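Below is one structure, written out as structure tokens; comments come after it.
The values are calculated or read from the model by the stated rules, or taken from the named source; none is laboratory data. As the structure is a computational prediction, the values presented were derived from the model and not from experiment. Neighbour counts are summed over all protein chains in view; Cβ atoms, including those assigned to glycine, are modelled from backbone coordinates with ideal geometry.
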Amino acid sequence: MTRQQEKVYFDTLGYLVKRQLFSAEEMTCFSSWYNANFDKHIQQTEHATSQMAYPGVALHEGFCRQYLEDDRILDTLENLMGEGYIFLASDAQRFAGNTRWHQDTIIPMEDGSDGEYLMVKAIMYLDDLSDGQGSLCLLPGSHHRDYAEAVRPVMEGRIEDTNAITPAGMRPMEYPGAIDACTRPGDIVFFNSKMAHSSWGGSNNRRYFGLSFGSKPTKDWHFQWLHYHQDKCREMFMGGEGSHYPPHLVQGISTRLQTKIEPMLSWGY
């Protein structure tokens, strides 16, 4: 695809998969950093459907220098989000079991606003999910407000059982139009945070690394929402332990990445 085609695709469907954006050698390095540091911060639980998370870039400085700061990530985001977008948070997670249908944000402070606020997640899986089992499952188009409002009541049951029946009379993984990203290590998925997504099947201990970004804030409610979002992130990740802006992220970074982080630092994050 051309950059313009990628932009139209993303705006229309709400996601973009960049296949093999990172090499096998790079992914081996990322995997070793993840494995060496994740268990230092997260204790395994006995729950079959546990979801364990920690601020991703805090795991190892390489995730800043050789991933977040990489032009392959930043160039794609600039094309999808425009100039002035900002880095909000990161999360390293390990999954066991299914993940119900949900949206990462519905932007509750958006009611009555005269427009939208774009938040994008860039995620990579460190395991081969090319058979679709445990893969990120997306509902294209569900980032559009009318569609999102229509499907939300159907998903409110918080169903994680693949044999359960949703209010729409179907099993949760049978929503018409839903697709599995079917990623391999090296694939990066960019998606609108308002898009409905889930995962079904797959082995325990699936490893995930996500980056969250927001478009350039220009209105009062944008700033209000960002403060709300960051406070929620602090609560979500280990009760406030760990930082989305560790010292190795904010020191010695490129000028380009610095412009994505400085606004949040100036607001006290």
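For segment 7-29, the tally of residues that are closer than 20 Å to residue 56 by Cβ and in contact with a His (Cβ under 9 Å, 6 or more places away or on another chain) stands at 1.
So, of the residues in segment 244-269 that are under 16 Å from residue 56 (Cα atoms) and among the aliphatic types (A, V, I, L, M), which turns out to be surrounded by the most Cβ atoms within 10 Å (Cβ to Cβ)? Here the answer is 249.
Criterion first (more than 26 Å from residue 233 (Cβ to Cβ), in contact with a strand residue (DSSP E or B) (Cβ under 6 Å, 6 or more places away or on another chain) and modelled with pLDDT of 85 or more) does residue 180 satisfy it? Taking the combined requirement at face value, the residue satisfies it. Among the candidates 158, 152, the residue that is more than 24 Å from residue 9 (Cα to Cα) and either part of a loop (DSSP other than H, G, I, E, B) or modelled with pLDDT under 95 (or both) is uniquely 158.
Which count do you get for residues in segment 194-238 that are at positive phi and crowded, with 18+ Cβ neighbours inside 10 Å?
Result for segment 194-238: 1.
Comparison of 183, 166 shows that the only residue that is of a type in the set (Ser, Thr, Tyr), over 21 Å from residue 72 (Cα atoms) and in a loop (DSSP other than H, G, I, E, B) is 166. Only residues that are closer than 30 Å to residue 172 by Cα and not hydrophobic (A, V, I, L, M, F, W, C) were counted across segment 71-100, and they come to 8. Within segment 126-133, is even one residue touching a residue at least 40 places away in the same chain (Cβ under 8 Å), surrounded by fewer than 20 Cβ atoms within 10 Å (Cβ to Cβ), assigned to a loop (DSSP other than H, G, I, E, B) and among the hydroxyl-bearing types (Ser, Thr, Tyr)? Yes, some residue in segment 126-133 is touching a residue at least 40 places away in the same chain (Cβ under 8 Å), surrounded by fewer than 20 Cβ atoms within 10 Å (Cβ to Cβ), assigned to a loop (DSSP other than H, G, I, E, B) and among the hydroxyl-bearing types (Ser, Thr, Tyr). Looking only at residues in segment 169-180 that are in a helix (DSSP H, G or I) and free of Cβ contacts under 8 Å to residues at least 40 places away in the same chain, the one that is surrounded by the fewest Cβ atoms within 10 Å (Cβ to Cβ) is 174.
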